[in-house]
Amino acid sequence: MSVEGNPACRSRRSFLQVSATAAAAAAAFRIVTEPMLANADSLRDPRPYPKDAVLINANENPLGPCGIACDAVNNVASQGGRYSDWLTTDLIKTFAAVEGVKPEYVHAFPGSSGPLHYSVLAFTSAMRSYVTADPGYEAGMHATKATGARIVKVPLTSTYTHDVKAMLAAAPDAGMFYICSPNNPTGTLTSHSDIEFLLANKPKDAIVMVDEAYIHFSDASTALDLVKADKDVVVLRTFSKIYGMAGLRCGFAIARPELLEKMTAFSGWSAMPITAVAAATASLKDPQLVADRRHINTTIREATFEWLSKNGYSFVPSKSNCFMLDTKRPAKDVIAAMAAQNVFIGRPWPIWPTHVRITVGTQSEMERFQAAFQHVMSGNAAAELRPEPAYSGLNLDGIVLPAARS
Ligand code: PLP
């Protein structure tokens with residue numbers, strides 16, 4: 001009997017094939033995060049930044065965790081010998097009460113990068129594509145390497161919103177639509193009605209992920225009402241942005257339990273760091289924190305826009321803590337020249353090769369940004385340009401890292 005015909009051999013062979021596929025997927029899978037992307041095209045190896053550097057390249061919050069969050073970290077640190085799962089339960093209950101969702105619809109993770117990637121694993125495949133905006137946050141695209149999903153990148157509309165009609169038309173095979181609102185990198189919003197339209201017209205079994213990492217900086221309405229209505233939607237939230245906790249690591253996926261289960265099948269048991277949990281719980285209980293920080297960010301962002309306009313520079317008006325600035329020359333040259341001034345600005349996206357992403361820093365950081373940018377754009381910095389590897393956009397076969405410097 002041929003190997004093909006022998007059921008024992010066949011099942012062993014299919015087991016080996018499945019194992020090989022799983023092993024290939026596992027080898028291909030790694031979680032890609034904003035700091036990796038921020039440094040991918042990079043002017044710098046992973047090493048500490050120079051002293052006094054202005055860091056407006058990774059959408060971090062220069063304010064860091066608020067005072068009560070820092071106190072909570074200090075107070076809980078001595079309990080760090082225990083897993084203390086109940087603290088995570090308390091955090092989830094606190095968030096659920098603030099947002100009016102059922103606690104079982106909320107899952108905590110150390111940041112939202114994990115659930116973004118696990119969703120790609122759960123909802124895309126070689127037959128079910130991953131649909132995203134261009135320019136858009138790239139991390140999810142990297143996860144498709146493990147599932148073999150087709151990546152469908154759809155340009156933003158002329159008003160920089162997600163083009164939901166074009167996204168639907170481009171991907172009848174969609175497994176996951178990724179909507180980031182406010183969008184990283186443009187800081188522009190996609191309306192609730194567009195998200196509803198997407199949900200109403202998507203292929204059956206596809207999910208819509210609404211990444212609300214930056215929502216607190218804007219007055220956009222949340223998509224959590226669609227979660228409450230049991231739609232095929234997963235909302236992501238993170239404490240890395242307005243709450244200033246990128247290094248502490250806390251975030252949520254919010255969806256109906258059946259969708260959460262599909263994602264958490266890939267995350268396994270992941271204990272939360274209790275310092276992050278304590279800081280997040282304390283932050284949620286501060287009724288003024290979000291409003292105060294939104295006000296600070298908006299004031300500095302709008303002052304920066306005023307300065308840019310007055311000086312004749314073009315940018316995409318943003319509602320978030322980052323924006324795209326058109327340098328009208330190859331972005332990598334500007335990034336290098338700015339770095340030489342000790343001002344580290346964000347990356348370009350291949351679709352917009354002359355734009356750079358700027359994170360809104362503190363007032364004094366933005367003043368240093370303005371002085372450096374004026375200097376660079378006036379041409380005075382030409383001599384400071386350093387030879388750097390060419391930026392060719394993100395390489396989906398791996399993060400593009402700079403060649404070793406001699
Ligand atoms: N989603 C978006 C749009 C982001 O920009 C980021 C980080 O910058 C994340 C998710 C993930 O953030 P974290 O893993 O720090 O929660």
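Computed from the coordinates by the stated procedures, all read-outs in this text should not be read as laboratory data. The model shown is predicted, which means the values in this text are computed figures rather than measured ones. Glycine also receives a Cβ, built like all others from the backbone with ideal geometry; neighbour counts cover every protein chain displayed.
Only one residue of Ala126, Ala246, Phe109 has its Cα farthest out toward the positive end of the dipole of region 67-284, where Lys and Arg carry +1 and Asp and Glu -1 on Cβ, and that residue is Ala126. Counting only DSSP beta bridges whose two residues both lie in region 192-331, roughly 60 percent are antiparallel. Suppose R0 equals 25 Å; then what is the FRET efficiency for Ser364 and Lys310 from their Cβ-Cβ distance, rounded to the nearest 0.05? Working from the Cβ atoms, E equals 0.85. Dimensions of region 67-284 along the principal axes, based on C-alpha atoms and rounded to the nearest Å, stand at 54, 34, 29, largest first. The label point for Glu302 and the one for Asn342, both projected 7 Å from the Cα toward the Cβ, are 3.2 nm apart. Put a plus charge on the Cβ of each Lys and Arg, a minus charge on the Cβ of each Asp and Glu, and nothing anywhere else: the dipole of region 221-363 about its Cα centre is then about 240 debye.
Which percent, nearest 5, of DSSP beta bridges in region 67-284 are antiparallel? Taking every DSSP beta bridge with both residues in region 67-284, the antiparallel ones total about 35 percent. Cross-link list Lys231/Lys262; Lys93/Lys228; Lys51/Lys319; Lys102/Lys231; Lys241/Lys310: which exceed 24 angstrom alpha carbon to alpha carbon? Beyond 24 Å between Cα atoms: Lys51/Lys319; Lys241/Lys310. Couplings for region 162-169, taken from phi via the Karplus curve 6.51 cos²θ - 1.76 cosθ + 1.60 with θ = phi - 60°, read 5, 8, 5, 5, 5, 5, 5, 5 Hz in order; Gly and Pro are left as x.
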